[in-house]
Amino acid sequence: MKIVLSGFYGLGNTGDEAILKAIVDNLRSELNNPDITVFSLSPELTAKEHGVKSVYRGWRHQNKEKVKALRDADLLISGGGGLLQDTYPTKFLFGPLPYYLLIVFLAKLCGAKVMFFSQGIGPVTSTWGKILMKTFANLADFVTVRDQYSKDYLHSLGVKRPETVVTADIVFAFRADEENSAYDSLPLKGDEKIVAVTVRPWFEHPDYIEKMAHLLDELIEQRGVTPVFVPMEGKYDVPASNDVLSHMKHADKTYMLGSEFSPNQFLNFIRHADLTVGLRLHALIFSALSNVPHLGFSYDKKVESFLKRSGMWDYSFRLGEIDQAKLLENALYLLDNKEDAQQTMEPNVDQLRREAMRNLDLLKEKFGN
């Protein structure tokens, strides 16, 4: 089967690179010798890292190559992740939403089938965005989404023609290779109680920076933890991490990982943690995969939906609703009752793994091998 993958690839976002690795690895495991082409902003790097063909994803270069890849393809996989949204400004033909939907339209013109794969949908709030969704998303042949909210939201936008099935984020099917380069990059002794910290800019609720700083200071004082910042998208997360550090009394007792590690390396670092705190969805998913309790700050429905499914929502908060005293109480509880939290997570994560693999089962069922 010849497959083209379209997503937020080659832009240095660890979560999206984890999605790509999970899709590619599982396609190769589940299908008979698939021929895979990835649309990427860094095609040479993507081709080297994943052993795939790769074409520049933007419209400035390699448009003939994109058309050829789609003409040759049996299937366009659009996803996973949160591609179909207009949080970023959406102009007539610019922005993420028009881009991904135009790729879908082009694929259909070229005779390829289209599957939205393990996607999180929305928000789509602009009139133009809603028109684009109703016009072009209905061209898809089949859809899997990573939570019920996304399915309901898709239907509310008038996208009802393709069959839509709720599965789980494909990163729950991530095939990790054990290694310790990220952990070994820090001067750790091996007996630290590590709290992995994942932050990103979110200007609507900047007060979380101060509340995170206060939490980490208290955990250092009360439990002797070693916070380690895990920058999943360095150009954004390193400055946000430095903002937290600037508000801390005990910044000297923290570390920050380099931002150039691979998804596999970040996941293997998180396996060493006793607790993960923060915003980045795929850092929280890595924690669930590693059986590490996690306390999330939800800036988006996708984060809240995941935390409810992992069993950690009772300890987590929506941004703008963080109770500082309760935050500390919840973090201390998870640190002091790690095994209880793990017992809560374990069956939920097992179910999410099975549902993530169902994306592949449904692909084979709908489009053959």
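The values are calculated or read from the model by the stated rules, or taken from the named source; none is laboratory data. Fair warning: this is a prediction, and the values are worked out from it, not measured in the lab. Glycine gets a Cβ as well: all are built from the backbone with ideal geometry, and neighbour counts include every protein chain shown. Just the protein is used for accessible areas: all its heavy atoms, side chains included, with ligands, DNA and RNA removed. Shrake-Rupley method; radii C 1.70, N 1.55, O 1.52, S 1.80 Å.
If you count only protein heavy atoms and use a 1.4 Å probe, how large is the accessible surface of Arg200, to the nearest 10 Å²?
Approximately 40 Å² of Arg200 is accessible to the 1.4 Å probe.
Of Val228, Val199, Ser259, whose Cα points farthest to the positive end of the dipole of the stretch 192-262 (charges on the beta-carbon: +1 Lys, Arg; -1 Asp, Glu; origin at the Cα centre)?
Val228
Tell me, what is the 1.4 Å probe accessible area of Phe142, in Å² to the nearest 10?
Estimated to the nearest 10 Å², Phe142 gives 0 Å².
Rank Val166, Val143 by accessible area, highest first, at a 1.4 Å probe radius?
Val166, Val143
Please state the relative contact order of the chain as a whole percent: Cα pairs under 8 Å, 6+ residues apart?
15
Per residue, how large is the accessible surface of the stretch 265-340? Use a 1.4 angstrom probe and give square angstrom.
32
Got a sec? What order do Ser246, Ser42, Ser298 fall in by accessible area at 1.4 Å, biggest, i.e. largest, first?
The ranking, largest first, comes out as Ser246, Ser42, Ser298.
Given a 1.4 angstrom probe, I'd like the percentage of the accessible area of the stretch 229-365 that is carbon and sulfur, rounded to a whole number.
Its accessible area is 43 percent carbon and sulfur atoms.
Taking H as built 1.01 Å from N, whose amide H comes closer than 5 Å to the amide H of Val114, not counting residues under 5 places away?
Leu76, Asp141, Phe142
Compute the Cα gyration tensor for the stretch 258-369, then decide on rounded, prolate or oblate, letting a ≥ b ≥ c be the square roots of its eigenvalues: rounded whenever a/c is under 1.5, prolate when a/b is larger than b/c in the other cases, and oblate in all that remain.
prolate
How large is the accessible surface of Trp313 in square angstrom, using a 1.4 angstrom probe and rounding to the nearest 10?
Result for Trp313: roughly 50 Å² accessible.
Quick one: what are the phi-derived ³J(HN,Hα) couplings along the stretch 118-123, Karplus 6.51/-1.76/1.60 with θ = phi - 60°, whole Hz, x for glycine and proline?
6, 8, x, 9, x, x
Which of Gln342, Ile285, Gln324 sits closest to the plus end of the dipole of the stretch 245-369, meaning its Cα is farthest towards the positive end, when Lys and Arg get +1 and Asp and Glu get -1 on the C-beta?
After comparing all options, I get Ile285.
Ranked from the most accessible area to the least, with a 1.4 Å probe and all protein chains present, what is the order of Tyr236, Tyr153?
Tyr236, Tyr153
Given the DSSP H assignment, sum -39500 (n - 2.57) over each helix run of at least 4 residues in the chain and divide by its residue total; what's the result at 222 nm in deg cm²/dmol, nearest 500?
Dividing the helical sum by the residues of the chain leaves -14500 deg cm²/dmol.
Using the structure shown, list the pairs from Lys21/Lys66; Lys113/Lys308; Lys302/Lys364; Lys134/Lys235; Lys189/Lys249; Lys130/Lys308 with a Cα-Cα distance above 31 Å, or answer none.
Beyond 31 Å between Cα atoms: Lys113/Lys308; Lys134/Lys235.
Looking only at the stretch 293-333, which residues have a backbone nitrogen under 11 Å from a spot 7 Å from the Cα of Arg223 in the C-beta direction?
Residues 293-295, 328-333 fall inside that zone.
Rounded, prolate or oblate: which fits the stretch 139-250 when a ≥ b ≥ c are the square roots of the eigenvalues of the alpha-carbon gyration tensor, with rounded for a/c under 1.5 and prolate only if a/b beats b/c?
Note, shape of the stretch 139-250 comes out prolate.
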